[in-house]
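Structure, as structure tokens:
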Amino acid sequence: MYKVWNFVTNYSLLLIFGAVIALIWANIDPHSYHAFVEFPLAEDFFIGHAHDDGHGHVSRTLTLHYLVNDLLMALFFAIAAKEVWEAVILKNGSLRGKKAATPLVATAGGMFGPILVYLGLAAILGSETYSAVKDGWAVPVATDIAFAYLVGRIVFGAGHPAIRFLLLLAIADDAAGLVILAVAYPTGALAIEWLLLSVAAAVAVFALANWLPRKLDVGNEVRPNSTWVRQKLGFWPYLIAACISWYGFMRAGIHPALGLLPIVPTIPHADRAFGIFASAEQHLSDLLNDIEHKLKLPVEVILFFFGLLNAGVEFNAIGDPTWLVLAGLIIGKPLGILIMGAFAAHVLKLGLPEGMRTIDLLVIGCVAAIGFTVSLFIASVAFDADAMLGDTPVQAAAKMGALFSFGAAAISIVAGKLCRVEKQNG
């Protein structure tokens, strides 16, 4: 296992710092906090929140919240997609072959378990509660890979095989989360013609900046065309394609934060990977890793602002949605991973990594119950900011559940002790 501690810690601490400031600010002066979040940067702009005047004219307002959540967070999801892409497509990718089979089945349990617990408890609470919260079924599905990794190291130690299992599960969970976000939470009616613009941008940049130069270089070991494209054009063709793709997603009615995903697979990549967020990848010079290195600091800053603009929830917003999200994460996630992981390992005979026990699946599930980043993001798109359940604002209450999922860290440590996990540092 290559060292990833510093990389993930940087991402995590800035995000936490932004979230803590947001919580304090929102509970001291909620009016100024929300005014800051929705501060208009540009009126009647070509991107931003859409407003229909009722006569067919649509205007857009670019707010600070839109800038971070819908535009800049696309860079964060692009990095997540890069890790998923590597895991799936590369010859030594972590989600290829039999070694990924059990984590993939366990991931399914880690998704369906929270959904069943969330919707089941909502139904028990009554039809009014169920109707108000049903659209948030995906909020407790997510696993925050950075925080899960940090807590996993504390519980299992860096050398335990459960750490790699946890990372495989988290990668697959992220991939499924991206699909859910795109399919289940459109920003408007699907406009296929704009989605085709995104597809066209991806095809064009792959053909012109990737496939064609390599085709022209066939039989020439010097590779003059590929070298010229890399040295003279660099990442610019992909940046232009990314902007076009993002705009296509925005106009197509799919959440624009996912707008860079079609471009990631088109970027040249060496057929080797060292694992999720591995620091050893800083020594790779292929274009995809080079772009990720350049994005590292900007994305850290973006995550700070994401925490600042999304975690500002007033404590009086705690309500049924809070406990439903939390129950989905800390009950549904561990049970789902344990049941489906054990089913894959023993019934389907797919087995577990050497040195890992069946009971470790329960502890992994507790660690994976930390939702935070993606749960916050999904809560912000699943519920209208003005939706209420009695006197409780649904979106804010669901966000509080995502924030409370940090408690899964303490649960994981206790579960590790009770299940007699033997830490392996190395």
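None of the figures in this text is laboratory data; all of them are computed from the coordinates on show. Remember, it's a predicted structure, so these values are computed and weren't measured experimentally. Ideal geometry is used to build each Cβ from the backbone, glycine not excepted, and the neighbour counts take in all protein chains shown.
Check cross-link reach from LYS82 to the lysines: straight Cα distance under 18 Å, and skip same-chain residues fewer than eight apart.
The reachable lysines, counting only those whose Cα sits under 18 Å from LYS82, are LYS91, LYS294, LYS296.
Could you give the distance between the Cα centres of the stretch 198-265 and the stretch 13-48, to the whole Å?
Computed from Cα coordinates, the inter-centre distance equals 34 Å.
Name the residues whose placed amide hydrogens come within less than 5 Å of the amide hydrogen of LEU41, ignoring near sequence neighbours (fewer than 5 apart) on the same chain.
Placed amide hydrogens put LEU62, THR63, LEU64 under 5 Å from LEU41.
Let me spell out the model: positive unit charges on the Cβ of Lys and Arg, negative unit charges on the Cβ of Asp and Glu, origin at the Cα centre of the chain. What dipole size does that give, in debye rounded to 20?
1880 debye
Please list, in order along the stretch 379-393, the HN-Hα scalar couplings obtained from phi with the Karplus expression 6.51 cos²θ - 1.76 cosθ + 1.60 (θ = phi - 60°), rounded to whole Hz, x for Gly and Pro.
With coefficients 6.51, -1.76 and 1.60, one gets 4, 6, 9, 6, 10, 5, 4, 9, 5, 10, 10, x, 9, 9, x Hz.
Put one equal scatterer on each alpha carbon of the stretch 180-235, apply the Debye formula with no solvent term, and list log10 I(q)/I(0) at q = 0.12, 0.13, 0.29 1/Å to two decimals.
Each listed q maps to, in turn, -0.47, -0.52, -1.12.
So what is the relative contact order of the stretch 40-90, in percent, for Cα pairs below 8 Å that sit 6 or more residues apart?
Once normalised by length, the contact order is 29 percent.
For the stretch 10-55, run through the chymotrypsin sites (Phe, Trp or Tyr not before Pro) and keep only the ones in DSSP coil with at most 11 other Cβ atoms within 10 Å of their Cβ.
When the chymotrypsin sites (Phe, Trp or Tyr not before Pro) of the stretch 10-55 are filtered for loop state and at most 11 Cβ neighbours within 10 Å, PHE46 remain.
Among rounded, prolate and oblate, which fits the stretch 281-426 when a ≥ b ≥ c are the square roots of the eigenvalues of its C-alpha gyration tensor, a/c under 1.5 means rounded, and a/b larger than b/c means prolate?
Oblate shape, in that a/c is at least 1.5 and b/c is the bigger or equal ratio.
Using the Cα gyration tensor of the stretch 23-146, with a ≥ b ≥ c the square roots of its eigenvalues, what is the shape: rounded (a/c below 1.5), prolate (a/b larger than b/c) or oblate (neither)? Walk me through the intermediate numbers first.
On the way: a/c = 2.13, a/b = 1.40, b/c = 1.52.
Verdict is oblate for the stretch 23-146.
Just want the answer: with Cβ charges of +1 for Lys and Arg and -1 for Asp and Glu, which residue in ILE370, VAL88, ALA172 is farthest toward the dipole's positive end in the chain?
Going by the Cα projections, it comes out as VAL88.
Could you give the dipole magnitude of the stretch 123-240 about its Cα centre, charging the beta-carbon of Lys and Arg +1 and that of Asp and Glu -1, in debye to the nearest 20?
Its charge dipole is roughly 560 debye.
Going highest first, how would you order 118-127, 141-150 by mean Cβ packing within 10 Å?
My ranking of the peptides, most packed first, is 141-150, 118-127.
Suppose a student asked you for the relative contact order of the chain, using Cα pairs under 8 Å spaced at least 6 residues apart; what percent would you report?
Over the chain, the number comes to 29 percent.
On a straight-distance basis, which lysines could pair with LYS423 in a cross-link, Cα separation under 21 angstrom, same-chain partners fewer than 8 positions away excluded?
Reachable lysines: LYS3.
Positive end of the dipole of the stretch 91-185, charges at C-beta (+1 Lys, Arg; -1 Asp, Glu), about the Cα centre: which of PHE147, SER127, VAL105 has its Cα farthest in that direction?
The listed residue farthest towards the positive side: VAL105.
Please list, ordered by chain and number, the residues whose modelled amide H lies under 5 Å from the amide H of HIS255; skip anything fewer than 5 residues away on the same chain.
THR187
For the chain, state the semi-axes of the equivalent ellipsoid (square roots of 5 times the eigenvalues of the alpha-carbon gyration tensor), sorted largest first and rounded to whole angstrom. Walk me through the intermediate numbers first.
Details: eigenvalues 218, 192, 72 Å².
After diagonalising the Cα gyration tensor, the semi-axes are 33, 31, 19 Å.
Which value, in debye to the nearest 20, gives the size of the charge dipole of the stretch 341-426 about its Cα centre, when Lys and Arg are +1 and Asp and Glu are -1 at the Cβ?
Dipole magnitude for the stretch 341-426 comes out near 460 debye.
Cross-link candidates for LYS215: which aspartates and glutamates have Cα within less than 20 Å, leaving aside residues fewer than 8 places away along the same chain?
Those aspartates and glutamates meeting the cut-off are ASP271, ASP286.
Name the long-range amide H neighbours of LEU389: under 5 Å, sequence gap of 5 or more, or other chain; modelled H, no Pro or chain starts.
Here VAL394 satisfy the definition.
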